[in-house]
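J.: Mind looking over this structure? Questions follow.
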Amino acid sequence: MKFRNLIFTVFGLLFVGQFAANGQTHTLPKLPYSYDALEPYIDAQTMEIHYSKHHQAYLTNLNKALSGTKAEKLPLEDLLIAAERRGPAIRNNGGGHYNHSLFWSILSPDGAKTPNGKLADDIKNTFTSLDSLKKLLNAGATARFGSGWVWLYVTPENKLAVCSSPNQDNPIMDASKDNRGIPILGIDVWEHAYYLKYQNKRGDYLGAIWNVIDWNAVGEKYEQALNNPVLKVIEKDAWQALTNFHTVMSQTFHPMEEGKFGPIRERSGEMLAKAQLLAASKVPSSFQSPAITKAIADLVDGSAQLDKLIKKKGKDEKVKDSLIKLHDTFHIIQGLCSDDH
Ligand code: MN3
């Protein structure tokens, strides 16, 4: 906790001048080509409105929602992991900013028409061919009712997968439930992405878009995603039984630190139940280790002892020792406290 706070403080000091100067934490990425560069597949007017009005509006509203909050200095990915928990302003505008930034970066008038290297191999191994991947993505985009996106993404198990999401959601978000990971290719299927040229014919837009997808850029995104520590954070966040235990722990431990023993005395039975559910849950592959197995077993034993102590109306001092020990055990599994909880 302390180390992380120190890091935030250092970054805060480094960037505080910038924040004060431009009054915003997130900025619009420069478009790497002109508005008419993707003609005839995407028309100049659509590009201009999409980038300078729609994307800009998500960005403005994101910075407005973050202004003066603790989350103001968090990296965008950290914000999005807990998007649903943070509420619709962050979910919609943070998603809108992230998704469009990705979209612009994988489009190009003269990009690679096919993937190469590891991405090419893994597409073939996962989807049998590039054509069948495109068909899957187009089917997902066609089936998406109303506004949304279709994604090629990397799962926490380092596999390629396809999903679609409503509105400005994406696989990084808690809202994405069973389809969590880091997107490397996204296609915007909001009407604002195609209506001026294609009107209601989403299928024609989906046929044309492949002419301007730059597979080299997607390949770079793939390499970055595979090496991105956020993948492991997403995997842990998707481990619902751990999150549920964490909620009870943080809502009882932190009050106790301030001398308030009411929450833990009321909820020790619930804490034990959550520990038992955690022990019965499927441990994500990258968390499977003898140390974690032991820590989970210790968590059940420790929660049972604490609950017994509280039922016997044990003294505050003893409850405190027991809860501190349990909290330490929990952090063997969870890692350091983050500012998210
Ligand atoms: Mn859009």
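J.: Could you tell me which of the residues Gly140, Gly148 is over 26 Å from Ala120 (Cβ atoms) and either crowded, with 20+ Cβ neighbours inside 10 Å or among the β-branched types (Val, Ile, Thr) (or both)?
T.: Only one candidate qualifies: Gly148.
J.: Among the residues that make up region 111-133, is at least one of them within 16 Å of the ligand (Cβ to nearest atom) and in contact with a Ser or Thr (Cβ under 9 Å, 6 or more places away or on another chain)?
T.: no
Yes/no per residue for (1) of a type outside the set (A, V, I, L, M); (2) under 20 Å from Ser105 (Cα atoms); (3) within 16 Å of the ligand (Cβ to nearest atom):
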residue: Ala193; (1), (2), (3): no, yes, yes
residue: Arg202; (1), (2), (3): yes, no, yes
residue: Leu242; (1), (2), (3): no, no, no
residue: Val248; (1), (2), (3): no, no, no
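J.: Can you name the residue in region 219-262 that is aliphatic (A, V, I, L, M) and more than 15 Å from the chain's Cα centre (by Cα) and, of all such residues, is surrounded by the most Cβ atoms within 10 Å (Cβ to Cβ)?
T.: Per the stated criteria, the residue is Met249.
J.: For the structure I just gave you, tell me whether Lys118 is of a type in the set (Lys, Arg), more than 21 Å from Glu84 (Cβ to Cβ) and without any contact (Cβ under 8 Å) to a residue 24 or more places away in the chain.
T.: In short, no.
J.: Please go through region 275-294 and pick out each residue that is part of a helix (DSSP H, G or I), within 14 Å of Gly335 (Cβ to Cβ) and in contact with a Phe, Trp or Tyr (Cβ under 8 Å, 6 or more places away or on another chain).
T.: Scanning region 275-294 gives a single hit, Phe287.
J.: Could you count how many residues in region 124-152 are closer than 15 Å to Lys221 by Cα and either touching a residue at least 40 places away in the same chain (Cβ under 8 Å) or out of contact with any Pro (no Cβ under 6 Å at 6 or more places or on another chain) (or both)?
T.: Matching residues across region 124-152 total 1.
J.: When you look at Asn216, is it more than 16 Å from the ligand (Cβ to nearest atom), modelled with pLDDT of 95 or more, surrounded by fewer than 20 Cβ atoms within 10 Å (Cβ to Cβ) and within 18 Å of the chain's Cα centre (by Cα), yes or no? Write out each step before concluding.
T.: Details: more than 16 Å from the ligand (Cβ to nearest atom): yes; modelled with pLDDT of 95 or more: yes; surrounded by fewer than 20 Cβ atoms within 10 Å (Cβ to Cβ): yes; within 18 Å of the chain's Cα centre (by Cα): no.
Against the criterion (more than 16 Å from the ligand (Cβ to nearest atom), modelled with pLDDT of 95 or more, surrounded by fewer than 20 Cβ atoms within 10 Å (Cβ to Cβ) and within 18 Å of the chain's Cα centre (by Cα)), Asn216 does not qualify.
J.: Shifting gears a bit: Out of everything in region 95-110 that is of a type in the set (Gly, Ala, Ser) and in a helix (DSSP H, G or I), what residue ends up being nearest to the ligand (Cβ to nearest atom)?
T.: Ranking the qualifying residues of region 95-110, first place goes to Gly96.
The values are calculated or read from the model by the stated rules, or taken from the named source; none is laboratory data. All of these numbers come straight from a predicted model, not from anything done at the bench. Cβ: placed from backbone, ideal geometry, glycine included. Neighbour counts: every protein chain shown.
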